[in-house]
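Have a look at the structure below before the remarks.
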Amino acid sequence: MHELSLLENVRVILEDHAKKQNFQRVEEITLEIGALSCVETEALAFAFEAVMKGSLAENAQLRFKHIDAQGRCLSCGQLTVMEMLYDACEHCGHPHVDVVSGLEMKITELKVS
Amino acid sequence: MCGICGCSNPSGTGKFSVVDASKVSLLTTHHHNHGNEQHSQADNQRLIQVELDLLSKNNAYAAENRAYFQNNKIFVLNLVSSPGAGKTTLLVETIKVLKDKFPIAVIEGDQQTEHDADRIRATGVSALQINTGRACHLDAHGIGRAVQTLKVKSNSFLAIENVGNLVCPSSFDLGEAHKIVVLSVTEGDDKPLKYPDMFYAADVMIINKIDLLPYVDFDVERCIDFARRVNPTIQILQLSATKSDNFSEWTDWLIAKMQ
Ligand SMILES: Nc1nc2c(ncn2[C@@H]2O[C@H](COP(=O)(O)OP(=O)(O)O)[C@@H](O)[C@H]2O)c(=O)[nH]1
Ligand SMILES: [Mg+2]
Ligand SMILES: [Zn+2]
Ligand SMILES: [Zn+2]
Ligand SMILES: [Zn+2]
């Protein structure tokens, strides 16, 4: 899995952002992760400490905000809850659904000093 | 009506109900006890709201690549599959048919060895091998450098063969025009449901090795149905890269895209 490369990206993004927003340390990071995004939050949490070592986010606390996934049914047009990319519409059973939310993987909040 | 299957609206409501978009549950899974408390308290801590995509670095490089490809009229495909589905064979056979029509270049991604780049070079087309080592996918930064090294010509076709892996390459945009997922009939017709992310990310699915259909339990219709459940608009081609069954359907598709 690519959780390691994602975390290396987080590190670089934080370093860039520290210059822009003028902070030296990151105490807490909130990641928003959609139910359909292909990352394992456990794997992220597991590798987090090692990847952030020596960076401005060393010893930072990692929090997750889980975003439920929803799609729009291509037949009846209603919003439907999705647990998998291939879930059928919960209202009419139609198999073709467009994802509306649930693919997110982003940093949404930082506690910095 | 659904534009994919053309079905009529079974419930007949057509109403868009708006549901609370983010039922958010917050959970802390990772906490450190700071051995020394010197920075845990006070000293001008502040909370800032941001919106920084985890893939933003890769996406920025991919956008640069895409602009470069557009300016230089380079048509780029990113081929993904499990190991052994037939990507290199497909490329070799494609090059044999098309190499006099337009310039072709290939970037090969594998964890180790130059084998696949050598197979491409044997056709007379230039190829660059990227060995990703421990990484299981190509990224947009590596592709940007490879394109410069290869000196890919304008008005050409650039094929990128990604590392054999149906998981991570789905997340990493390389700046390509289309992701093409190759699925061979020896892998089972339920792959689209087992690895939905990849089939969601791809624009085209090639069902390869159809010459082997008589010998394996692979239901083509079932496979297509599964792929469309994940990705209602995915385009599907069925062919054999070694026996050239239906091969012109694929090369015609490519030729049309090059115009
Ligand atoms: N029977 C049959 N074998 C194929 C076909 N395409 C590829 N192969 C074989 O499948 C094996 C793996 O192919 P390769 O192109 O190296 O797969 P890659 O790992 O996706 O690049 C090779 O032995 C190919 O000869 C096909 O259409 N039919
Ligand atoms: Mg190969
Ligand atoms: Zn519906
Ligand atoms: Zn439909
Ligand atoms: Zn990977």
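The values are calculated or read from the model by the stated rules, or taken from the named source; none is laboratory data. Remember, it's a predicted structure, so these values are computed and weren't measured experimentally. Virtual Cβ from ideal backbone geometry, glycine too; neighbours counted across all protein chains shown. Keep in mind that these areas ignore ligands, DNA and RNA; they rest on the heavy atoms of the full protein, side chains included. Shrake-Rupley method; radii C 1.70, N 1.55, O 1.52, S 1.80 Å.
Where both bridge residues fall in segment B:101-259, DSSP classifies roughly 0% of the beta bridges as antiparallel. Backbone amide hydrogens, once placed in the peptide plane, bring A:Gly34 within less than 5 Å of A:Ile67, A:Glu104, A:Met105, excluding anything fewer than 5 places away on its chain.
Residue by residue along A:67-79, Cβ atoms of other protein chains within 10 Å of the local Cβ number 6 on average.
Surface composition of the protein assembly as shown: carbon and sulfur atoms hold 48% of the protein heavy-atom accessible area at a 1.4 Å probe. Across q = 0.06, 0.11 Å⁻¹, the protein assembly as shown modelled as identical point scatterers on its alpha-carbon atoms has Debye log10 I(q)/I(0) values of -0.27, -0.87, in the order of the q list. Across segment A:89-105, rounded Karplus estimates of 3J(HN,Hα) from the backbone phi angles (6.51 cos²θ - 1.76 cosθ + 1.60, θ = phi - 60°) give 4, 6, 8, 10, x, 5, x, 9, 9, 9, 5, 9, 8, x, 9, 5, 8 Hz, Gly and Pro being marked x. Per-residue Karplus couplings for segment B:209-224, computed as 6.51 cos²θ - 1.76 cosθ + 1.60 with θ equal to phi - 60°, are listed in order as 6, 5, 4, 8, 3, x, 9, 10, 8, 9, 9, 4, 4, 4, 4, 5 Hz, Gly and Pro entered as x. The length gained by stretching the chain between B:Thr113 and B:Tyr215 to full extension, at 0.36 nm per residue less their Cα-Cα distance, is 33.6 nm. When chains B and A come together, the accessible area they lose, probed at 1.4 Å and totalled over both chains, is close to 5600 Å². Can you tell me the 0 to 90 degree angle between the C-alpha axis of helix B:87-98 and the longest principal axis of chain B, rounded to 10? So the inclination is approximately 50 degrees.
How far is helix A:3-21 tilted, in degrees, relative to the longest principal axis of the Cα atoms in chain A, given as a value from 0 to 90 rounded to the nearest 10? Roughly 60 degrees between the two axes. Other residues whose C-beta falls under 15 angstrom from the C-beta of B:His115 contribute a net charge of -3, scoring Lys and Arg +1 and Asp and Glu -1. Across segment B:107-259, Cα-Cα pairs more than 21 Å apart make up 51 percent of the total.
What translational diffusion coefficient, in µm²/s and rounded to a whole number, does the Stokes-Einstein relation yield for segment B:40-123 at 20 °C and a viscosity of 1.002 mPa s, taking the hydrodynamic radius as the Kirkwood radius over Cα pairs?
Working: Rh = 16.8 Å.
Rounded, D is 127 µm²/s.
Placing dummy labels 7 Å off each Cα toward the beta-carbon, the span from A:Val100 to A:Ala47 is 3.3 nm.
Scattering from segment B:73-119 was approximated by placing one identical point on each alpha carbon and applying the Debye formula without solvent; log10 I(q)/I(0) at 0.13, 0.27, 0.31 1/Å stands at -0.32, -1.25, -1.44. Here the spin labels are modelled as points 7 Å beyond Cα on the Cα-Cβ line, and at A:Thr108 and A:Lys20 they lie 1.8 nm apart.
Taking each residue as 0.36 nm, the span from B:Asn72 to B:Arg222 lengthens on full extension beyond its C-alpha to C-alpha distance by 50.0 nm.
Across all directions, the average projected area of the convex hull around the alpha carbons of chain B is 20.6 nm².
Between amide H atoms placed 1.01 Å from N, distances below 5 Å from B:Gln235 occur with B:Val204, B:Met205, all of them 5 or more places distant or on a separate chain. Mean partner shielding of peptide A:3-9, defined as the number of other chain Cβ atoms within 10 Å of each residue Cβ, is 5.
Taking a quarter of the surface of the Cα convex hull of segment A:2-112 gives a mean projected area of 7.5 nm². The angle separating the long axis of helix B:140-150 from the principal Cα axis of greatest extent in chain B is about 40 degrees. Sites listed here are trypsin sites (Lys or Arg not before Pro) in segment B:64-120 whose DSSP assignment is loop and whose Cβ has at most 13 other Cβ atoms within 10 Å: B:Lys73, B:Lys101.
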